[in-house]
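Participant: Before I ask anything, here is the structure I am working with.
The values are calculated or read from the model by the stated rules, or taken from the named source; none is laboratory data. Predicted model only: the values in this text are computed from it and were never measured. Reconstructed Cβ throughout: ideal geometry from the backbone, glycine too, with neighbour counts over all protein chains shown. Surface areas here come from the heavy atoms of the whole protein model, side chains and all, with no ligands, DNA or RNA. Shrake-Rupley method; radii C 1.70, N 1.55, O 1.52, S 1.80 Å.
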Amino acid sequence: MRMLSPAFPEPGDPGSSAGALLEPAPGPPRSLFRRGLAAFLEHKLAVAAVGVLACYIVFCYLGPVFYHGDTSQVRMGELTRPPGAGRPLGTDQQGVDELGKLMRSGRVTLEVGVTSGLLASVIGTLYGAVAGYAGGWVDALMMRTVDALMAIPIVFALVYLAATRGRTKTVFILAIALTSWFGLTRLTRGDTLALKVRDYVAACRMMGGRTPRILTRHILPNTAGTTIVNTSLTVADSVFALSVLSYLGLGLPAPDDDWGGMFAAGAGYLDQGYWWMIYPPGLSIVLVIVSCTLVGDALRDVFEPRRPQGVTRLWPS
Amino acid sequence: MTPYLIRRLLQAVATLFIVSIVAFWLLHLMPDGVARGLLGPRATPELIAREEHQLGLDRTLVVQYGIWLTKLLHGDLGTSPVYHQSVSALIGERLGQSAYLAALALLITVLLAVPVGVLQATRAGSLTDHTLTTLSFVGYAVPVFFVGPLLRDVFQVRLHWVPIANQIDSFHSALIQPEQLVLPVATLVIGLLAGYSRYVRSAMLDELTQDYVRTAVAKGARGRRVLYRHVLRNAMLPMATLIGLSLPGLVGGALLVEQVFNIQGLGWLTVQAAQRDDFAVVLGTTMLTALATVAGSLLADVSYAALDPRVRLT
């Protein structure tokens, strides 16, 4: 379950992934990027997910150019109207056009989600690399702190960060970013522990390379795969976190409310059957989260190819 | 084992200590929330100063933390300035129904996840496997707060299969109205099942690649016997770990489910308190959940060693 909590510990999954990068490619040699792209394109669902995300970006940013739903005015005569002529998705409890609002709130969701996802990735990667490379008691202290932070339910942390620091976009971006880097930091630390004992790192150190140089030129580029894969997943988590806050009534105030806020407003009218207030924002959140997760999964196969191992069949299937 | 246990316990205590510092510091970042929130926007600065003095908020953060921690170590979580009740009493009223909901969901999830995961692993790569994989992916990715209202819309509002939500405000009311728990538990199970069944599937596949399975099949043991006598037993070991580690997720999920279905449990209390700047209650529930999380991961490690004689904890 998407829970704003560390992902399930997964044992090696021999059943999935083709390990496309390991296959000797026929024909002339291809660049790393081309081979990676080919491996990604094999994941049809992930390609579709990229399409969905592109559609949403176009919808939210170019949509207002073509569709002029007035989202600023409260019209008492038009409260909670079902979809009809001139209002393709109906109106909300304040008479505001839902389609126009969907575009506006979508921009908030996408901006906060992507920004805090990127920020969390930067924090997580740097923290993990420093802890892993430093080793010893510095590492122990840094990782124990992460353990402690992970023991605080992230929903709680978010709830009071948002409740206490004033509700602006910047606060939300910071709050979400600051609560979603723990998983990545553990992965990066693990990578760094393995990388720092490699010969080329020792060689660099022997030639007089200083720690910052080793970290930025030799360690971090080699952990980039982990970072890229997880950024996509972190963006999904950030969108989820933002929606959760709005759903709990602790989100951004209008006119900066996001899809979660729209959904929460609609959910209040569930018993009246005003479906047009619930499903457009709800499905948008689901589609964006699912798409980001699918892209992340496909990227993992591109960056961390695994070969399927021999599975003994208990009976013919 | 004993030295390991002692070290692990010390680590747990250290973790909780760091949690308490972080949580306390975070909460007291509040600009002028508590007293202002209690007295309303028209309170004069003098009134606010007096209220803050009464609540001990005018002392330095370190002193406040010291007082709070001393009380905590004596089992006193403090008094809520909003509810004028002790935090332990408030939590006590809410804990029962939350724990009941979470335990039911966890039990049903495990009971469903094992057969689903086994089915997928023994038919890895088949249409059944792919279908269930896709379904569990959707179950994992779709947020709880969407599944909840969706189920309510379909089964309560449109089909009338389940009566319209009554509020559940005590453990007793949760016990006597089992029909009210169907949808909340279903919502949690849908969210949890994906992770658990994936885990069982992976663990099963791991075992199926082992030599002892090939040996058993080669000597002529029947598939069913190999499955129940050999593979399943070994594949179930990590379940203990998984249950221990999934506690924070369960708590977070329960918080949302309580919100959707109007169950006045621990999560509901926390959200209410956060909305009303009631730092004492939020601190209390946070520490309680952190304790559960740390205890969960400790139990996971220990039970793993207890169940698998090959694992030596040092």
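Participant: Give the distance, in whole Å, between the Cα centre of segment A:283-301 and the Cα centre of segment B:90-132.
Facilitator: So the two Cα centres are separated by 23 Å.
Participant: Need the C-alpha centroid separation for segment B:267-281 versus segment B:143-216, integer Å.
Facilitator: What the calculation gives is 27 Å, centre to centre.
Participant: On full extension of the chain, what length is gained from B:Ser303 through B:Leu5, given 0.36 nm per residue of separation minus the C-alpha to C-alpha distance?
Facilitator: On the way: separation 298, 0.36 × 298 = 107.28 nm, distance 1.16 nm.
Length gained between B:Ser303 and B:Leu5: 106.1 nm.
Participant: Counting Lys and Arg as +1 and Asp and Glu as -1, what is the net charge of the other residues whose Cβ lies under 13 Å from the Cβ of B:Ala102?
Facilitator: Values: positive: B:Arg94; negative: B:Glu258.
Every neighbour counted, the sum reads 0.
Participant: Something else about it: Got a sec? Charge dipole of segment B:221-299, +1 on Cβ for Lys and Arg, -1 for Asp and Glu; which of B:Trp268, B:Ala221, B:Ala280 is way out at the positive end?
Facilitator: B:Ala221
Participant: So who's got an amide H within less than 5 Å of the one on B:Gln85, skipping anything under 5 residues away but keeping other chains? H placed 1.01 Å off N, in plane.
Facilitator: B:Ser80
Participant: Of all trypsin sites (Lys or Arg not before Pro) in segment B:39-124, which ones are in loop regions per DSSP and have a Cβ with at most 15 other Cβ atoms within 10 Å? Mind dumping the intermediate values first?
Facilitator: Working: sites: B:Arg42, B:Arg50, B:Arg59, B:Lys71, B:Arg94, B:Arg123; in loops: B:Arg42, B:Arg59, B:Arg123.
Those satisfying the criteria are B:Arg42, B:Arg59.
Participant: Give the separation of the Cα centroids, segment B:1-18 to segment A:197-221, in Å.
Facilitator: 35
Participant: Shifting gears a bit: Through the Karplus equation 6.51 cos²θ - 1.76 cosθ + 1.60, θ set to phi - 60°, convert the phi angles of segment B:6-11 into ³J(HN,Hα) values in whole Hz; use x for Gly and Pro.
Facilitator: Ordered by residue, 3J(HN,Hα) equals 4, 5, 5, 5, 4, 4 Hz.
Participant: Next question. Taking a point 7 angstrom from the Cα of B:Asn262 along the C-beta vector, which residues in segment A:237-262 have backbone N less than 11 Å away?
Facilitator: Residues passing the 11 Å test: none.
Participant: Quick one: what are the phi-derived ³J(HN,Hα) couplings along segment B:81-86, Karplus 6.51/-1.76/1.60 with θ = phi - 60°, whole Hz, x for glycine and proline?
Facilitator: Listing the rounded values in order: x, 8, 8, 6, 9, 6 Hz.
Participant: List, in order, the whole-Hz ³J(HN,Hα) value for each residue of segment B:100-108 obtained from phi through the Karplus relation with A = 6.51, B = -1.76, C = 1.60 and θ = phi - 60°; use x for Gly and Pro.
Facilitator: Those phi angles translate into 4, 4, 5, 5, 4, 4, 5, 4, 5 Hz.
Participant: I need the peptides A:281-290, B:11-20, A:235-244 ranked by packing, meaning the mean over residues of other C-beta atoms within 10 angstrom, with the highest value on top. Working shown, then result.
Facilitator: Details: A:281-290: 22.6, B:11-20: 17.5, A:235-244: 27.9.
By packing density, highest mean first, the sequence is A:235-244, A:281-290, B:11-20.
Participant: At a 1.4 Å probe, which residues in segment B:198-214 are at least 40 Å² less accessible with all protein chains present than in their chain isolated?
Facilitator: Flagged in segment B:198-214: B:Tyr199, B:Ser202, B:Leu205, B:Asp206, B:Leu208, B:Thr209.
Participant: Given 0.36 nm per residue, what is the gain on full extension from A:Ala203 to A:Gln272 after removing their alpha carbon distance, in nm? Walk me through the numbers on the way to the answer.
Facilitator: Values: separation 69, 0.36 × 69 = 24.84 nm, distance 7.00 nm.
Gain in length upon complete extension: 17.8 nm.
Participant: Still on this structure, please answer the following. Give me the net charge for the shell around B:Thr270: Cβ to Cβ below 14 angstrom, other residues only, Lys and Arg +1, Asp and Glu -1.
Facilitator: Numbers: positive: B:Arg94, B:Arg276; negative: B:Glu93, B:Glu258, B:Asp277, B:Asp278.
Net of charged neighbours comes to -2.
Participant: Please work out the average accessible area per residue across segment B:92-277, using the 1.4 Å probe convention, and give it in Å². Kindly include the intermediate steps, with their values, before the conclusion.
Facilitator: Working: 7610 Å² over 186 residues.
Roughly 41 Å² per residue, with all protein chains present.
Participant: Also, quick follow-up: Taking the Cα centre of segment B:92-277 as origin and charging only Cβ (+1 Lys, Arg; -1 Asp, Glu), how large is the dipole, in debye to the nearest 20? It would help to have the intermediate numbers written out before the result.
Facilitator: Working: 14 positive and 10 negative charges, 193 e Å.
The calculation lands at about 920 debye.
Participant: Moving on to the next point. Using a Förster distance of 25 Å, how high is the FRET efficiency between B:Asp169 and B:Leu111, based on the Cβ-Cβ distance and rounded to 0.05? Before the final figure, lay out each step's value.
Facilitator: Values: r = 28 Å, r/R0 = 1.14.
Efficiency for this residue pair is about 0.30.
Participant: Using the Cα centre of chain B as the reference point, and only Cβ charges (+1 on K/R, -1 on D/E), how large is the resulting charge dipole? Debye, rounded to the nearest 20.
Facilitator: Details: 23 positive and 19 negative charges, 310 e Å.
Here chain B has a charge dipole of around 1480 debye.
Participant: Quick query: amide H of B:Ala124 versus all other amide H atoms, modeled in the peptide plane; which residues come in under 5 Å with a sequence gap of 5 or more or a different chain?
Facilitator: The list, which skips near neighbours in sequence, is empty: none.
Participant: Between B:Leu47 and B:Gln275, what is 0.36 nm times their sequence separation minus the Cα-Cα distance? Round to one decimal in nm. List each step's numbers first, then the result.
Facilitator: Details: separation 228, 0.36 × 228 = 82.08 nm, distance 2.22 nm.
Roughly 79.9 nm would be gained on extension.
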